[in-house]
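Take a look at the structure below.
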Number of protein chains: 2
Amino acid sequence: MSGNVSSPGATVVSRVLAVLYAFDNGHRRLGVTDLARRADLPVPTVHRLLRELVAGEALTRDAEGRYAIGRRLWDVGMLAPEQTELQQVASPFLSDIHAATRATVHLAVRDGTEVLYLDRLSGRASVPVVSRAGSRLPLHATGVGKVLLAHAPAQLREDYLAAVLRRPTVHTITHPERLGRQLAAVRREGYATTEDEMTLGACSIAVPITRATSGGEQEVVAALGIVVPTLKRERTRLLAALQVAARGIGRSLP
Amino acid sequence: MSGNVSSPGATVVSRVLAVLYAFDNGHRRLGVTDLARRADLPVPTVHRLLRELVAGEALTRDAEGRYAIGRRLWDVGMLAPEQTELQQVASPFLSDIHAATRATVHLAVRDGTEVLYLDRLSGRASVPVVSRAGSRLPLHATGVGKVLLAHAPAQLREDYLAAVLRRPTVHTITHPERLGRQLAAVRREGYATTEDEMTLGACSIAVPITRATSGGEQEVVAALGIVVPTLKRERTRLLAALQVAARGIGRSLP
């Protein structure tokens, strides 16, 4: 064991994870120097780990010497039960909604104080959106996010409203009292909407997906949403499609 | 370093990978004893690795003491450029085909001598299929597989035809000469079909997705296919939809 001057007590396992976690959406291909900086590890240590991770097919190395996540880690990631079981159960329902509406359809869960998109279905005729499977967005600026925030534990919701909130557009609602009233309406009415709050020209409507707990209560485990250019006149029809699908998914969950 | 009696020269990195690779589709949740057996490592070694992998949020541990792939490895897996870049480019085209046909749509690549499904779109009205994203099936028994086998390197194709081939149904074509003639027809005609060869009651039609190489040639990088109850009368229409989408995907590839 050698080399990690910045955190001498770190184990090999934590160093391996630091190298893997150095990749993100904006950094899918990284050279050894960038990897060492992002993982906060010395270059020789990273070199040694990279050699073994490539030999084990966890990473790939391209002709320019840049490293990327390899097929075997893609395989492994697909086995995460929390993310993929829900995604697999929901998938045919998302297809049905998309086929009926041609709109972008989202399946999302709350990950701390962000929306995590588990799946997205989008045709070429759909309105452009910033999300994709695996991406994260602020809870208060998206339809699925408002559903998840409305049903989050009360303490988390209070802390969230007390923080300074990002404003992706001028229409994003960040005033704590106004947002709080909206979240109460989401709980009461069973759905959330946004208008130009995440992206200009995009509106959304979303509903919760619930599952019965062992105690017999309904708990919100995910949100199902749809993004369209405008909600005018379409709201009732879209809401009905979402509610039918959300109930279907909830019933099908293991 | 201690404990790995079965392979004393193995490094910590290779042991970490052995633990991660011990999970598969049929084994998404594993106890420590099963993990140790599947990873071919002593139980105390696996215990120590598991503790660190859970602390690093790579794995989760449930109330029954079973381990599973966690959200951060799901995140990492989604960053694999080879798999997800193609999947993301193809996704809107798959949605369009599904919306137009309501059939199951597949995006697949060749992984050695198997078909690897990168994406699958399937509504509740679609014919049931055995594939899902991340799953693997024999090349010779599926439409996308025949396309990928037809365009595989000649040596791989010869070796494949010389091997004893699996017969998922009584209709699976395994006779080397008959299959070889069919693959030549796939190259000549630009598409492949199956009838009840993977699953009874399911037919498929598939086309190659090509990309221009730096040398200006077209190379087959993936296959796009559709599964329907019957191809009768639908063949021309489905083939046209697939060919338009495959060309669109090929043009959009980075």
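Among A:ARG72, A:ARG61, A:ARG66, which is outside the structural domain of A:ASP159 (by TED's automatic domain parsing) and in contact with an Asp or Glu (Cβ under 7 Å, 6 or more places away or on another chain)?
Numbers: A:ARG61 fails: in contact with an Asp or Glu (Cβ under 7 Å, 6 or more places away or on another chain); A:ARG66 fails: in contact with an Asp or Glu (Cβ under 7 Å, 6 or more places away or on another chain).
After ruling out the rest, the residue left standing is A:ARG72.
Six or more apart or on different chains, Cβ under 8 Å: which pairs go from a residue in region B:86-108 that's more than 20 Å from B:GLY145 (Cα to Cα) to one that's of a type in the set (A, V, I, L, M) and surrounded by fewer than 20 Cβ atoms within 10 Å (Cβ to Cβ)? Could you list them?
That search, which allows pairs on different chains as well, returns B:VAL89/B:LEU253; B:ASP96/A:ALA125; B:THR101/B:VAL228; B:ARG102/B:ALA125.
Can you tell me which residue within region A:1-49, out of those that are hydroxyl-bearing (Ser, Thr, Tyr) and outside any helix (DSSP H, G or I), is modelled with the highest pLDDT? Spell out the reasoning first.
Here is the first cut: in region A:1-49, the residues hydroxyl-bearing (Ser, Thr, Tyr) are A:2, A:6-7, A:11, A:14, A:21, A:33, A:45.
Now restrict to residues that are outside any helix (DSSP H, G or I): A:2, A:6-7, A:11.
Numbers: A:SER2: 41, A:SER6: 44, A:SER7: 48, A:THR11: 89.
Only one residue fits best here, namely A:THR11.
Among the residues that make up region A:202-211, is at least one of them in the same structural domain as A:GLY145 (by TED's automatic domain parsing) and surrounded by fewer than 15 Cβ atoms within 10 Å (Cβ to Cβ)?
We begin by selecting, within region A:202-211, every residue in the same structural domain as A:GLY145 (by TED's automatic domain parsing); these are A:202-211.
Among the residues that remain, those that are also surrounded by fewer than 15 Cβ atoms within 10 Å (Cβ to Cβ) are: none.
No - not one qualifying residue is present in region A:202-211.
For A:LEU35, indicate whether it is surrounded by 18 or more Cβ atoms within 10 Å (Cβ to Cβ) and more than 9 Å from chain B (Cβ to nearest Cβ). Give the derivation first.
Details: surrounded by 18 or more Cβ atoms within 10 Å (Cβ to Cβ): yes; more than 9 Å from chain B (Cβ to nearest Cβ): yes.
Yes; evaluated as a whole, the condition is true for this residue.
Have a look at A:GLU64, A:GLU57, A:GLU52 and point out the one that is in a helix (DSSP H, G or I), of a type in the set (Asp, Glu) and either out of contact with any strand residue (DSSP E or B) (no Cβ under 9 Å at 6 or more places or on another chain) or exposed (fewer than 13 other Cβ atoms within 10 Å of the Cβ) (or both). It would help to see each step written out before you state the result.
Details: A:GLU64 fails: in a helix (DSSP H, G or I); A:GLU57 fails: in a helix (DSSP H, G or I).
On inspection, the qualifying residue turns out to be A:GLU52.
Given the structure, is A:VAL244 modelled with pLDDT of 90 or more, aliphatic (A, V, I, L, M), surrounded by fewer than 20 Cβ atoms within 10 Å (Cβ to Cβ) and not in a loop (DSSP other than H, G, I, E, B)? It would help to see each step written out before you state the result.
Values: modelled with pLDDT of 90 or more: yes; aliphatic (A, V, I, L, M): yes; surrounded by fewer than 20 Cβ atoms within 10 Å (Cβ to Cβ): yes; not in a loop (DSSP other than H, G, I, E, B): yes.
In short, yes.
Could you identify the single residue in B:GLU234, B:GLU195, B:GLU219 that is under 13 Å from B:GLY143 (Cα atoms), acidic (Asp, Glu) and touching a strand residue (DSSP E or B) at 6+ places or on another chain (Cβ under 7 Å)? Explain how you work it out, then say what you get.
Working: B:GLU234 fails: under 13 Å from B:GLY143 (Cα atoms); B:GLU219 fails: under 13 Å from B:GLY143 (Cα atoms).
It is B:GLU195.
Evaluate the following for A:THR193: is it in contact (Cβ under 8 Å) with a residue 40 or more places away in the chain, among the polar types (S, T, N, Q) and within 30 Å of B:GLU85 (Cα to Cα)?
Details: in contact (Cβ under 8 Å) with a residue 40 or more places away in the chain: yes; among the polar types (S, T, N, Q): yes; within 30 Å of B:GLU85 (Cα to Cα): no.
So A:THR193 fails the test.
Just give me the residues in region A:38-49 being surrounded by 21 or more Cβ atoms within 10 Å (Cβ to Cβ) and at the interface with chain B (Cβ under 10 Å from one of its Cβ atoms), in sequence order. Spell out the reasoning first.
Taking region A:38-49 first, the residues surrounded by 21 or more Cβ atoms within 10 Å (Cβ to Cβ) are A:39, A:41, A:45-46, A:49.
Across region A:38-49, the qualifying residue is only A:LEU49.
Looking at region A:63-84 only, could you name the residues that are more than 7 Å from chain B (Cβ to nearest Cβ) and within 15 Å of the chain's Cα centre (by Cα)?
Once the filter is applied, which keeps residues that are more than 7 Å from chain B (Cβ to nearest Cβ) and within 15 Å of the chain's Cα centre (by Cα), region A:63-84 yields only A:THR84.
The values are calculated or read from the model by the stated rules, or taken from the named source; none is laboratory data. None of these values were measured; they are calculated from a predicted model. Here Cβ is always computed from backbone atoms with ideal geometry, including for glycine, and neighbour counts include all displayed protein chains.
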